[in-house]
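Handing you a structure now.
The values are calculated or read from the model by the stated rules, or taken from the named source; none is laboratory data. The structure displayed is predicted, hence computed values, not measured ones. Cβ: placed from backbone, ideal geometry, glycine included. Neighbour counts: every protein chain shown. With ligands, DNA and RNA removed, areas are computed over all heavy atoms of the protein, side chains included. Shrake-Rupley method; radii C 1.70, N 1.55, O 1.52, S 1.80 Å.
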Amino acid sequence: MPESVPVRCPACRRAHRFTTPSYPCACGAPVAPPLDLDGVPGTVDHRVWREEWITLRCGCCGLRGEWPRPELGCPCGTVLRIPVAGPEAAAVLTGRPARPAFRPVPIRTARDAVTAAVLHLRRLGHEDVRRADRRPPSGIGLAGRGVLAQVDPSDRPATPRDVECLWLTAMTESSACLHFSLAGYAEEARARADTLGVPLFLLGLDGAARPVNAAADALDADGA
């Protein structure tokens with residue numbers, strides 16, 4: 001069973017019960033961060049990318065990955081960061097499925113969209129996914145060994161410029177590339193992606209990444 005601990009908001013003193021979230025490893029087993037039962041929750045005053053992720057090791061296959069740091073939103077508006085055990089937390093195995101299967105995380109926020117893209121990249125075989133050093137003109141950039149990805153969590157369809165900029169950046173870094181969009185793609189963007197061979201994926205609110213062109217179909221079938 002996932003860990004559950006009492007948490008008190010330092011701003012309004014309201015009491016909560018926080019249950020550890022679990023995430024699907026590439027092998028299909030759910031993993032969850034072990035909580036520091038003696039730690040004091042901190043507040044999130046501003047977002048720093050590197051502080052929002054922790055390294056977890058799957059208790060089933062031993063694979064290490066970067067996962068969102070546990071947080072709890074209080075009704076008063078304060079966001080609490082739940083302390084985890086150790087500088088590099090070892091993941092707690094919360095139950096192994098009979099047959100390994102990919103389990104997407106539902107998308108409610110832009111951060112969820114990035115998490116969904118990271119999970120899909122891992123499913124394709126890219127285990128060392130991180131925030132890209134070079135920020136794209138729009139959306140959020142992700143990078144792994146030999147791959148660049150752009151995630152657009154906005155409510156506007158991706159444009160031909162989005163596709164071209166991603167492709168050019170990948171070319172300069174000798175990397176493969178793929179694009180994730182929550183709102184889909186303009187017709188011209190799809191045509192440009194087909195010309196350049198850029199795989200396009202549509203992120204559903206259920207967290208699944210669905211291929212929308214031939215390059216994405218091939219990548220989804222064969223993996224990295």
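Counting just the residues of the stretch 174-186 that are of a type outside the set (S, T, N, Q) and under 20 Å from R122 (Cα atoms), which one comes out surrounded by the fewest Cβ atoms within 10 Å (Cβ to Cβ)?
A176
Here's something else I'd like to know. Evaluate the stretch 144-160: report whether one residue or more is under 21 Å from G65 (Cβ atoms), small (G, A, S) and not in a loop (DSSP other than H, G, I, E, B).
Within the stretch 144-160, one or more residues are under 21 Å from G65 (Cβ atoms), small (G, A, S) and not in a loop (DSSP other than H, G, I, E, B).
Could you list, ordered by first residue, the pairs with Cβ atoms under 7 Å in which the first is in the stretch 192-219 and free of Cβ contacts under 8 Å to residues at least 12 places away in the same chain and the second is buried (at least 21 other Cβ atoms within 10 Å of the Cβ), at least 6 apart or interchain?
R210/F201
Something else: Tally up the residues in the stretch 187-222 that are aliphatic (A, V, I, L, M), open to solvent by 50 Å² or more (accessible area, probe 1.4 Å) and under 19 Å from S154 (Cα atoms), please.
2
Just a yes or no: is a residue in the stretch 187-201 assigned to a strand (DSSP E or B) and either touching a Cys at 6+ places or on another chain (Cβ under 7 Å) or small (G, A, S) (or both)?
No, every residue in the stretch 187-201 fails to be assigned to a strand (DSSP E or B) and either touching a Cys at 6+ places or on another chain (Cβ under 7 Å) or small (G, A, S) (or both).
Please name all residue pairs, on different chains or six or more residues apart, with Cβ atoms under 9 Å, provided the first residue is in the stretch 152-170 and is within 26 Å of R108 (Cα to Cα) and the second residue is of a type in the set (D, E, K, R) and outside any helix (DSSP H, G or I).
Cβ pairs passing all conditions: A158/D152; D162/D152.
Report, by residue number, each residue of the stretch 4-24 that is farther than 23 Å from T115 by Cβ, open to solvent by 50 Å² or more (accessible area, probe 1.4 Å) and not in a strand (DSSP E or B).
Selection gives P10, A11, C12, R13, R14.
Output the residues belonging to the stretch 176-197 that are over 20 Å from the mean Cα position of the chain (by Cα) and under 28 Å from Y23 (Cβ atoms).
Y185, the sole residue that qualifies.
Also, I was wondering about something else. Just to be sure, is D155 open to solvent by 30 Å² or more (accessible area, probe 1.4 Å) and modelled with pLDDT under 90?
It is false that D155 is open to solvent by 30 Å² or more (accessible area, probe 1.4 Å) and modelled with pLDDT under 90.
Applying the selection to the stretch 127-143, what residues are open to solvent by 40 Å² or more (accessible area, probe 1.4 Å) and in a loop (DSSP other than H, G, I, E, B)?
Across the stretch 127-143, the qualifying residues are E127, D128, D133, R134, R135, P137.
Give just the number: which of (1) part of a strand (DSSP E or B); (2) in contact with a Leu (Cβ under 6 Å, 6 or more places away or on another chain) does W167 not satisfy?
The single condition W167 does not satisfy is (1).
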